[in-house]
Structure formats: structure tokens, C-alpha cells
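Below: the structure, in C-alpha cells.
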Amino acid sequence: MSIKHGLLALLAPGPKYGYQLKAEFEATTGSAWPLNIGQVYSTLQRLEKGGQIEADGVPDDDGRVIYALTPAGREELAGWFHTPIAQESRPRDELAIKLAMAVNTPGVDAREVVQAQRRQAMSSLQSLTRAKAAVPDEDLARVMVVDSLIFAAEAEVSWLDRCEARLRNARTEKTPEKEAVQ
Amino acid sequence: MTANPVLELRNAAKVYGGGETLVTALHGATLAVAPGELVAVRGASGSGKSTLLHLAGGLDAPSSGDVLVEGQSLGSQSRKDLARLRRRSIGYVFQDLNLVPSLTAAENIALPRELDGASAGEARTEALAALEEIGLRGVADRFPDEMSGGQQQRVAIARALIGARRLVLADEPTGALDSETGEGVMRLLRARCDAGAACLLVTHEPRHSAWADRVVFLSDGAIVDETTADAPTVLDLGALT
Ligand SMILES: Nc1ncnc2c1ncn2[C@@H]1O[C@H](COP(=O)(O)OP(=O)(O)OP(=O)(O)O)[C@@H](O)[C@H]1O
Ligand SMILES: [Mg+2]
């Protein structure tokens, strides 16, 4: 997840303090990805070094700095918005790896792994749907973030449904006579 | 503590055919739906979802076990009483819609109210309100074959929701709808339940089943799983709302 570009976007309307950026980032994303202030300042430092932001005027009495976008920062931000995020740039999927291992590890019932995971995913999907009902429709940014989590959870449930069906078919094909006597 | 269930299945089973062609569509299913509750049913094609709903709506009798609506066993009702109970208390959205082709959208929706003794004028007013609620103001006087699949589906939903039905049974009510329209229908069903109705919903879309208080999963005619909204989500880790 790109904190860097998120911060650049929040600076687009005008200069801001670091603590303001933290609060606005969380408000915009519906607190789905809370930041710690240390992360915010270290990212700001990197952006300043890279010439994408600069201190705007002198620090205030408490030593706090207001940051502003530079032209290079604006260009970076525009590039981010215009470039789709590549599928393969997402992190390795622990769940897919776990299921691949479950299928091939003796003594592990892959169907049980799938069902337990699906219970969890379905229940999260229900919780997210409830949370969404509490977000006002006008709050577009939050609604869209919650929708993204909902669609991702749904994709996981659908994929697990498919995994379960595959495992069931594989089992009935492998052991028809065993199935028949049970 | 909990109110008496509106719908109760007690070990209800359904067997079709016999001998060589015998199919057990539903093994003994036990399930209760309380007023205000929305229960979703998931499961692969052929797992017995529609069979379960048919039994719940009295469209078909269980081979064994019992089905109760508002505390009354459907098996002990006369045909006439059963028909009345179905008309008054149960709204049913069929998987294949079952709209009457020779009636307009508004007439289809008004039909159960008229059969129930409402005047034609009253029934039409209610039907128009129901169409409005489901976002279909313009199609009141169109016949089913003059509407899109998604419009017909919403007419079928409006027909099931009209009047003060205490039990709503919906079989894939969002199958022909786009994501946003489908969500609108789910909001409507949820609102009905929040107002006190009991609802049993069959859907293959996990996103729609997530509106339910409980999600049951059918596999080869048996309820194998049930989930509620108790898993923490990434949102709980932050401070949303
Ligand atoms: N009238 C019937 N006569 C014989 N078998 C039937 C009949 N109705 C359903 N079945 C069988 O009962 C089983 C369950 O069917 P059902 O229609 O309940 O499935 P479903 O879960 O609703 O599937 P779908 O998702 O495809 O609608 C299937 O094996 C089906 O072939
Ligand atoms: Mg069906």
C-alpha cells in the first residue's frame, strides 16, 4: 500500500502539517489502514530528500513544519493516478500457499482447511456489510474503501467455494468404492 | 428471550422419485427464522436450496419432518387454509419469477392483494408504491415480455413484498441484476426484516448473503455450516464510526 502517494495526494489541495496528514489519511480511507506518526514523518523525510515536497516557510513555535508539493511531486502524483496498479505487484498470497501445501501434506484434510477459512471469510464479509450500513452514502471515499474490502472478501469466499467443489470432486473420483460403503 | 420463530423446519426432508431414480434433495433440515431475522442459504447448484424454500413456503410437502409457519404446521392445514396462509403471510420470489404473462407489472403485483380482498383501486395504489420503492416507476403498465430480465425480477420482488407479509422467501432474487441494483434489493429486504419480517434468501452471491444475520451452507441436501457476523475485520482495527 502506497503511503507515499497517499500523502502526496493529500498535499495536492495545499500545504499541511504531518499530524494533519495522518488524520486526513485515516479519515479518507475510513480508518481501514491506520498509520503511526513515525511512518508519516519518515515518509515525509524521504519525499523531501527526493525533491517531491518541501518545507513551506519556517517551523512554527512548536517546531512543526508545514509541507508543500513541489512541481516534481505534482508530476509523480499525476503519474500515480494515471498508471494502473499491476496485479503481480501485490504481495504473495499466504492463503493460496497454505492451501497448496494442505493438498500435498499427508494427514492434513484440505477440505477442513478450506471450510474453516470460508467460515472466517464469510463472517468477515457479514461484519463488513454491517459496517458499511453505518457509513453515510455521501461519504464517497469511505464507502469506496469499504466496498473494496467487501469485494475482496467476496472474491475469497467464491474462490474457496470453488476449491471446496474441486476437492469434493477429486475425492469422489479417487475413492468411489469407499464413498459408496459410507 | 427470542420471539417465536415465524418459520420453523423440523427435520424436514424431501425425496423425489423412487427406486432407481430416487433423489434425496434434502436430508432432515432443522432451521428456525425469527421475526426480524434475515437468513441466507448458500450452496452449489443442486444442493437443495430451492427444495428447502419450496418446503418453507408450503409449495411442496416434506417427505418426512415438519414445517411450521407462525406456529402452525403446514401439513395439518386444509388446502384452502394453506392457500390463504400463503397469500397473506408469505411473499415468495420464485427462481423462475412466475409472473403472469397476460397481466401488466402493476397487475401482477396487485394480484395477491386483490385475492385477499383489497379493492382494485387500493391494490393498484399499493402496487405503484411498491414499484416506486424498487426503482421501477416507469414500467407499471408493461407486460412481462415488454420488460428486461432485471425489471421482471424486480416486479417479482415487489409482488412478494406487497402487503404485510411476515415471511419473505426469495430464491435468487438478484440473479439478473447488476451490482448496484442488486444491492438496492438487499437493502429493501434488510429493511423489511428490520421492520419485523422474517426472511429466507437463497443467493449464490456471497456479497448478498452477507446482508443476513445468519448464513447457512447446504451441501448435498444437508446444512453443513452456519456463520454469523462475528469475525473482526480490518475496520475494527481502525476506528471507523
Ligand atoms: N421435481 C423434481 N424431481 C426430481 N428431482 C428433483 C426435483 N426438483 C429437484 N430435484 C433434484 O433435487 C436436488 C436439489 O434441487 P434444488 O432445485 O433444490 O437445487 P438448488 O440448490 O436450488 O440448485 P440451483 O442452484 O441450481 O437452483 C437436485 O439434485 C435436483 O435434481
Ligand atoms: Mg434453485
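The values are calculated or read from the model by the stated rules, or taken from the named source; none is laboratory data. Because the structure is predicted, anything quoted here is derived from the model rather than measured. With ideal geometry, Cβ positions are generated from the backbone for all residues, glycine too; neighbour counts draw on all protein chains shown. Surface accessibility is based on the protein's heavy atoms, side chains included, excluding ligands, DNA and RNA. Shrake-Rupley method; radii C 1.70, N 1.55, O 1.52, S 1.80 Å.
Quick notes on this structure:
- Residues that are outside any helix (DSSP H, G or I), modelled with pLDDT under 90 and touching a helix residue (DSSP H, G or I) at 6+ places or on another chain (Cβ under 8 Å) do occur in region A:137-159, at least one of them.
- The condition of being at pLDDT 85 or above and part of a loop (DSSP other than H, G, I, E, B) does not hold for A:ARG92.
- Hey, B:ARG159 more than 15 Å from ligand 1 (Cβ to nearest atom), more than 30 Å from B:THR24 (Cβ to Cβ) and in contact (Cβ under 8 Å) with a residue 40 or more places away in the chain or not: yes
- Within region B:11-20, the set of residues being more than 10 Å from ligand 1 (Cβ to nearest atom) and closer than 18 Å to B:SER219 by Cα comprises B:ASN11, B:ALA12, B:ALA13.
- Residue in region B:169-192 that is in contact with a strand residue (DSSP E or B) (Cβ under 6 Å, 6 or more places away or on another chain), more than 16 Å from ligand 2 (Cβ to nearest atom) and open to solvent by less than 20 Å² (accessible area, probe 1.4 Å) present: yes
This table checks each residue for (1) of a type in the set (Val, Ile, Thr); (2) not in a loop (DSSP other than H, G, I, E, B).
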| residue | (1), (2) |
| --- | --- |
| B:LEU99 | no, no |
| B:SER102 | no, no |
| B:GLU122 | no, yes |
| B:GLU132 | no, yes |
| B:ARG142 | no, no |
| B:GLN151 | no, yes |
| B:ILE157 | yes, yes |
| B:ALA160 | no, yes |
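- Condition met for A:GLN87 (open to solvent by 60 Å² or more (accessible area, probe 1.4 Å) and at pLDDT below 85): yes
- Taken as a whole, the condition of being in contact with a strand residue (DSSP E or B) (Cβ under 6 Å, 6 or more places away or on another chain), within 14 Å of chain B (Cβ to nearest Cβ), without any contact (Cβ under 8 Å) to a residue 12 or more places away in the chain and not in a loop (DSSP other than H, G, I, E, B) does not apply to A:ARG130.
- Screening A:TYR41 with (1) open to solvent by 40 Å² or more (accessible area, probe 1.4 Å); (2) at pLDDT below 95; (3) within 17 Å of A:ALA12 (Cα to Cα) gives one miss only, at (3).
- Close pairs from region B:21-48: first near ligand 1 (Cβ under 8 Å from one of its atoms), partner of a type in the set (D, E, K, R) and modelled with pLDDT of 95 or more, Cβ under 7 Å, at least 6 apart: B:ALA25/B:LYS14; B:LEU26/B:LYS14; B:GLY43/B:LYS49
- Residue that is nearest to ligand 2 (Cβ to nearest atom) [pool: residues in region B:63-99 that are open to solvent by 40 Å² or more (accessible area, probe 1.4 Å) and in contact with a Lys or Arg (Cβ under 8 Å, 6 or more places away or on another chain)]: B:SER63
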